[in-house]
Amino acid sequence: MSTPDIEIYIAGTAAAPVLEWLQARFPESAGAPRPAGKKQWRLTVQHAGESLPVLVIEDAAPGFTLVWFDSPHTPWSDDIACAREAFARFGTEVRATPGSWGEGDDPDLWWHITATGEGTLHWPG
């Protein structure tokens, strides 16, 4: 079962290669990415017969490009699975939430994947 949405942050990667990855990953995408503001693009990709709205924001956090899938119908079971795929593609640090947010959870606790491994960190911090 997928989570309600997927949100990852890719370090040191501009939006253009991220958009290229998304279009290659989802070849049934519905149209080209559309500008959605300064350094922001929206696109709709197709997966398992579902339309998935995606938002990409370059420098959403300093040095990181955000990729947000606003759908529970992604091919990944959770944010970390998506982050692992992005790390395999780009070979640069990727950050994601370690799980679903709940009352009392630490909002600054993130999962990160780097060339030296995976683990939690506090971000910002």
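Out of everything in segment 1-18 that is aliphatic (A, V, I, L, M) and either modelled with pLDDT under 95 or touching a Cys at 6+ places or on another chain (Cβ under 9 Å) (or both), what residue ends up being surrounded by the fewest Cβ atoms within 10 Å (Cβ to Cβ)? My answer is M1. Looking across segment 28-80, just one residue is closer than 16 Å to A14 by Cβ, surrounded by fewer than 13 Cβ atoms within 10 Å (Cβ to Cβ) and of a type in the set (D, E, K, R), and that is K38.
Cβ separations smaller than 7 Å between residues 6+ apart or across chains give no pair from segment 72-87 residues that are closer than 15 Å to H47 by Cβ and of a type in the set (S, T, N, Q) to residues that are modelled with pLDDT of 95 or more and part of a loop (DSSP other than H, G, I, E, B). Note on segment 6-60: residues that are of a type in the set (D, E) and out of contact with any strand residue (DSSP E or B) (no Cβ under 6 Å at 6 or more places or on another chain) amount to 3.
Can we say A96 is of a type in the set (A, V, I, L, M) and on the phi > 0 side of the Ramachandran plot? So A96 fails the test.
Taking every residue in segment 1-13 that is under 15 Å from H112 (Cα atoms) and pairing it with any residue that is at pLDDT below 80 and buried (at least 18 other Cβ atoms within 10 Å of the Cβ), at least 6 positions away or on another chain, yields no pair with a Cβ-Cβ distance below 6 Å.
The values are calculated or read from the model by the stated rules, or taken from the named source; none is laboratory data. A quick note: this is a predicted structure, and the numbers were derived from the prediction, not measured. Cβ sites come from the backbone with ideal geometry, for glycine too, and all protein chains shown count toward neighbours.
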